[in-house]
1. In whole angstrom, how far apart do the alpha carbon centroids of the range 9-70 and the range 121-148 sit?
2. Quickly estimate the mean residue ellipticity at 222 nm for the chain, helices only: each DSSP H run with n ≥ 4 gives -39500 (n - 2.57), and the total goes over all residues, rounded to 500.
3. Looking only at GluC sites (Glu not before Pro) in DSSP loops with at most 10 other Cβ atoms within 10 Å, what is the longest site-free stretch of the chain?
4. For the chain, which cysteines have no disulfide-compatible partner, meaning no other cysteine Cβ under 4.7 Å?
5. Quick one: which residues, 5+ away or cross-chain, put their amide H under 5 Å from the amide H of F176? H built at 1.01 Å from N.
6. Skip the ligands, DNA and RNA, and give the accessible area per residue of the chain with a 1.4 Å probe, whole Å².
7. Using the Cα gyration tensor of the range 233-383, with a ≥ b ≥ c the square roots of its eigenvalues, what is the shape: rounded (a/c below 1.5), prolate (a/b larger than b/c) or oblate (neither)?
8. Near K189, which aspartates and glutamates are there with a Cα under 14 Å away, not counting those fewer than 8 places off in the same chain?
Amino acid sequence: MEEKQTTYRIGPIRPPSEANSLLLQITGGCTWNRCKFCSIYKHERFRVFSVDSIKRDIDVMAEYADMVTSYMNQDGTLNKKTALSRFEGMTQEEKNCYYLVYRWLAGGGENVFLQDGNSLAVKTERVLEVLRYLREKLPSIKRVTTYGRAETLAKISADEYTQLKKAGLDRIHSGFESGSDQVLQLIDKGVTAEQEILAGHNIKAGGIELSVYFMPGIGGKDLSTENALETARVVRAINPDFVRLRSAVIKEGTDLWQDYRGGRIRLCSENDKLTEVKLLIENSQGCTGYLASDHIINLLQNVEGRLDADSQNMLAKINEYFALPPLQQKLFQLARRCGMVSEPSDLLLLAKDQRLRLEQSIRSITEEVLWDEKMNEILMDYI
Ligand code: SF4
């Protein structure tokens, strides 16, 4: 007799905005695996899972969802203590799967993220079948999202996106990183700005929300302005629903680190990256999407809002930082990276001895390039 399946696959990544989503892995790894800043899947080949095996995973999720909801209080809230008492006798893997479903339901049970790095590379009919089954088995779902590479997304027609939307796919996240062909080549993204624009148009024509990621600083100092302005051009051409900021860090162990050590790319400073954000906002006229700064890696995390209605407010926050004297700017950078402040006005809250210690560290680094290296080194721990 075949043993009953009690676990499901869980992949390694999801966007931060999907922190409360249920994770359904429909592929493994990434089809491209060559972006120079990325090492997530370096030791993994791209795999497509069979629709039957994905359906079995959904069945396990649905079974755990039934178990968890049987522990509802009379007022409809979850009884955490009783729900988690089911842990007893479970293997660690079963506990992980059960807990993910529990946490999802405790958060409303509304969103699902289809993993992994480039899931729409599989045939549209297969994704449609998975979406229909998922929606049927877990009817509380309100939103389903996934990741896709722009090069892959550009090959899917608007008509296919319409079908995907109808079957229940609501949002696509795509790491555009830049809208500059020069920068895209430099980081070996394997995609062009025109493919990004085509993908964006088709997705939006199909009625699916588009969330793109922009990396201020990823082109290095020499391509910094180009990175911002060309990205703004792509953003203007598509008007994505979300533009999410992921300030660049050149991480040890990546191919981009080798380029940096070999002198082929110069590090952007924190100020360079912020200037790119400023240029992006200033040059996104006519865009109505939301600029999200949903990652601690960004220097000013409070710079976010709608690209139309909130642009002046966002620019004012950036200008407030740039109005600080250079030493104060560095003080803010260091204090923020030490978790002491989150916005420039918080500097007033620093204790005298804290401030003195930070200022001493700043003065001990006399060259700008070494300061930028120091910031990059600290930020490596954030990703
Ligand atoms: S497409 Fe995404 S997951 Fe794949 S290598 Fe590039 S950044 Fe990494």
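The values are calculated or read from the model by the stated rules, or taken from the named source; none is laboratory data. Please read these numbers as outputs of a predicted model, since none were measured by experiment. Because the Cβ atoms are built from the backbone with ideal geometry, glycine has one as well, and the counts that use them run over all protein chains shown. When the accessible area is computed, the model is the full protein with side chains, heavy atoms only, and any ligands, DNA or RNA have been set aside. Shrake-Rupley method; radii C 1.70, N 1.55, O 1.52, S 1.80 Å.
1. 12 Å
2. Computed ellipticity for the chain at 222 nm equals -13500 deg cm²/dmol.
3. Longest gap between qualifying sites, sites excluded: 89-366.
4. C30, C97, C268, C287, C338
5. Result for F176 returns Y213.
6. 46 Å²
7. Oblate, since a/c reaches 1.5 and b/c is not below a/b.
8. E151, E177, D181, D255
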